Amino acid sequence: MIQINERSLSPIYEQIVNQMKELIVKGALREGDKIPSVRELSGMLLINPNTVAKSYQELERQGVIATVRGKGTFVCKPASAPGMERERHKQLREELKRLVVEARHLGVAKVDFQKWINQEVEHYWGETDASSKRPE
């Protein structure tokens, strides 16, 4: 399910957030699915429960998951509020900018970076679907 990369430059909580969203995008987790509790996931990953709790707080803030007291934590339907969507688009642009700066700093060629982005777009959207919905 979730795997921690100890060599990653991303904090562990951020890796959990990103991988959880990736599982949803890929369809491995769907709306209404129950996800492991903080204690369960921290035990599986052998990490501090506070790190998992921070991840879950961020996912809840983004509207990706919701905790129902006494029942567990569940995947939410995609946020339909326009403000939430605009905020997520802004965050995505900021994250992309951070990745571009890091790649440039590491000496990655522009053409290689663009190739990586195109490969990911093809993987998740496919060739015909990539331009169907453009962010604001």
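Within the range 44-78, the set of residues being assigned to a loop (DSSP other than H, G, I, E, B) and of a type in the set (Val, Ile, Thr) comprises Ile47, Val64.
Starting from residues that are modelled with pLDDT under 80 and among the charged types (D, E, K, R), keep the ones in the range 115-136 and report whichever is most open to solvent (accessible area, probe 1.4 Å).
Applying the filter and picking the extreme gives Arg134.
Would it be correct to say that Gly32 is out of contact with any Pro (no Cβ under 6 Å at 6 or more places or on another chain) and modelled with pLDDT under 95? For Gly32, the condition - out of contact with any Pro (no Cβ under 6 Å at 6 or more places or on another chain) and modelled with pLDDT under 95 - is met.
Within the range 9-28, the set of residues being under 15 Å from the mean Cα position of the chain (by Cα), modelled with pLDDT under 90 and in a loop (DSSP other than H, G, I, E, B) comprises Ser10, Lys26, Gly27, Ala28. Considering only residues in the range 38-70 that are more than 23 Å from His89 (Cβ to Cβ) and at pLDDT below 95, the one that is most open to solvent (accessible area, probe 1.4 Å) turns out to be Arg69. Scanning the range 100-112 for residues that are closer than 18 Å to Ser8 by Cα and either touching a Lys or Arg at 6+ places or on another chain (Cβ under 7 Å) or in a helix (DSSP H, G or I) (or both) gives Val100, Val101, Glu102, Ala103, Arg104, His105. Kindly establish whether Gln91 is modelled with pLDDT under 95, under 14 Å from the mean Cα position of the chain (by Cα) and surrounded by 15 or more Cβ atoms within 10 Å (Cβ to Cβ). The answer is no for Gln91.
The values are calculated or read from the model by the stated rules, or taken from the named source; none is laboratory data. Please read all numbers here as calculations on a predicted model, not as lab measurements. Neighbour counts run over all protein chains shown; Cβ positions are idealised from the backbone, glycine included. We work out accessible area using only protein heavy atoms, side chains counted, and drop any ligands, DNA or RNA first. Shrake-Rupley method; radii C 1.70, N 1.55, O 1.52, S 1.80 Å.
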